[in-house]
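To start, the structure itself, in structure tokens.
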Amino acid sequence: MKESDIKQKIIGFLDGKSPGFVSGEKMSRLMGFSRANVWKYINKLRQDGYGIDASTHLGYRLNSAPDRLYTHEIKRGLTTSVIGKRDIFYYDTVPSTNAVAYAMAENNAPEGTLVVAESQTEGKGRMDRKWVSPRGGIYMSVVLRPDSGADDMQSLTLASACAVARAVKDFSGASPEVKWPNDLILGGKKLCGILTEMRAELDGVRFLVMGIGVNVNDDNGQLPPEAVSLGGYLGKRLRRPDLIKEILCQIERVYTVFMEKGFSSLRTECKKISMVMKKTVKVVDHDRIIEGTVKDIDEKGALIVRDTEGNMIRVLSGQIFLAG
Ligand code: BT5
């Protein structure tokens, strides 16, 4: 058994009994381990930040769990069927979870593989921009293997941004809006960004890596001025593994609908949560600049903008600036 599976099992025993004690003898019997081995893993869990009481007569009791993105913290109580149900790779620090997940996908990592990190040294945004990734945030990348063409991936990214917005709302009560195509905005500042990278051939997408960065607890004030953290906005510390579980559930929900029925079944939901609908915007797409009003988000997730001369323009990529 892998170390993270053993830890997950022990936490499962203790959690189920909370606030009572579980005897070391019982755990060793159920796990087929010696009591010395159970003790070894209890100590490892303590080093990981778990508060575990020990009593000679009663056994062990779980007091507190750390706000860390450990594999067993994410798996505990996770209700998805595929995403996060396969391997979860946990890192303290990596250059970029997307780069790690991409390399794994190249090596046949199955759909649902998840890479998470407490911080990143070279977090990536779109078009070579940087994603500032201090401790306290969520940095994760999911490997997906959609059975569809590359031109559908734009709308999948948009649908995923809507999924994360819904997860944040269900988890915390705060209501971020989606700034087309991939940003979550809360109180006028950026809470989350999504970067999808894919490997596609002529006959379709081989794999897709969906990278999600969410600012949760910004204890050291290291985020850039255009950013907001969820904890900072709500004025409290939040437990990140619980938010990750919510996000994974929502991503799986939209991904399943997307694969079965296509983006058109998610379009109404996405339009509702979008902050650009009916707004006057400036779209900068490389050297093309379009000014006008957003009229719609179409069946493929593209933005339909009516420019100042009345032309309807379909926008597939670019950066949006809201007027006023
Ligand atoms: C994005 O790019 O918004 C996509 C960000 C994706 C990050 C995740 S984290 C896990 C995975 N691994 C990675 O390496 N990446 C993904 P873009 O739309 O290009 O926005 C980048 C811009 O957002 C920057 O130029 C800054 O202005 C701003 N920014 C940088 N760090 C930020 C942060 N932590 N919070 C809010 N805004 C930030």
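General observations
- If you go through the stretch 190-200 and keep only what is within 14 Å of the ligand (Cβ to nearest atom) and either surrounded by fewer than 18 Cβ atoms within 10 Å (Cβ to Cβ) or of a type in the set (A, V, I, L, M, F, W, C) (or both), you end up with Leu191, Cys192, Ile194, Leu195, Met198.
- Any pair with Cβ under 8 angstrom, 6 or more apart, that starts in the stretch 135-152 at a residue that is in contact (Cβ under 8 Å) with a residue 24 or more places away in the chain and closer than 18 Å to Thr71 by Cβ and ends at one that is assigned to a loop (DSSP other than H, G, I, E, B) and away from the ligand (no atom under 16 Å from the Cβ): Val142/Gly112; Val143/Pro110; Val143/Glu111; Val143/Gly112
- Put simply, of Val82, Val38 the only residue that is in a helix (DSSP H, G or I) and either more than 25 Å from Gly112 (Cα to Cα) or of a type in the set (A, V, I, L, M, F, W, C) (or both) is Val38.
- Only one entry of Arg86, Arg126, Arg145, Arg76 meets the criterion of being closer than 20 Å to Leu238 by Cβ, under 18 Å from the mean Cα position of the chain (by Cα) and surrounded by fewer than 19 Cβ atoms within 10 Å (Cβ to Cβ), and that entry is Arg76.
- Those residues of the stretch 158-176 which are closer than 18 Å to Thr268 by Cβ and surrounded by fewer than 18 Cβ atoms within 10 Å (Cβ to Cβ), in sequence order: Lys169, Ser175
- The set of residues from the stretch 278-313 being small (Gly, Ala, Ser), part of a loop (DSSP other than H, G, I, E, B) and over 21 Å from Thr157 (Cα atoms) comprises just one member, Gly310.
- The condition (being surrounded by fewer than 19 Cβ atoms within 10 Å (Cβ to Cβ), of a type outside the set (A, V, I, L, M) and either in contact with a His (Cβ under 7 Å, 6 or more places away or on another chain) or closer than 26 Å to Gly149 by Cβ (or both)) is satisfied by just one residue among Asp307, Asp219, Asp203: Asp203.
- Answer from Lys75, Lys124 - the residue that is within 16 Å of the ligand (Cβ to nearest atom), in contact with a helix residue (DSSP H, G or I) (Cβ under 7 Å, 6 or more places away or on another chain) and under 22 Å from Tyr255 (Cβ atoms): Lys124
- Residue count for the stretch 197-237 satisfying the condition of being in a strand (DSSP E or B), β-branched (Val, Ile, Thr) and at pLDDT 95 or above: 3.
- Condition met for Val228 (more than 29 Å from Arg314 (Cα to Cα), among the β-branched types (Val, Ile, Thr) and under 15 Å from the mean Cα position of the chain (by Cα)): no
- Some residue of the stretch 79-86 being more than 9 Å from the ligand (Cβ to nearest atom), out of contact with any Asp or Glu (no Cβ under 8 Å at 6 or more places or on another chain) and either of a type in the set (Phe, Trp, Tyr) or on the phi < 0 side of the Ramachandran plot (or both): yes
- Checked against the criterion of being out of contact with any Asp or Glu (no Cβ under 9 Å at 6 or more places or on another chain) and not in a helix (DSSP H, G or I), the stretch 150-169 has no qualifying residue.
- Options Ser96, Ser141, Ser148; residue that is within 13 Å of the ligand (Cβ to nearest atom) and closer than 30 Å to Arg314 by Cα: Ser141
- Filtered residues of the stretch 281-314 (kept if touching a Phe, Trp or Tyr at 6+ places or on another chain (Cβ under 9 Å) and on the phi > 0 side of the Ramachandran plot): Gly301
- Any chance Gly51 is in contact (Cβ under 8 Å) with a residue 60 or more places away in the chain, of a type in the set (Gly, Ala, Ser), more than 16 Å from the ligand (Cβ to nearest atom) and over 21 Å from Thr196 (Cα atoms): no
The values are calculated or read from the model by the stated rules, or taken from the named source; none is laboratory data. Since the structure is predicted, the reported quantities are computational estimates derived from the model, not experimental observations. Quick reminder, even Gly has a Cβ in these numbers, built from the backbone with ideal geometry, and neighbours come from all protein chains shown.
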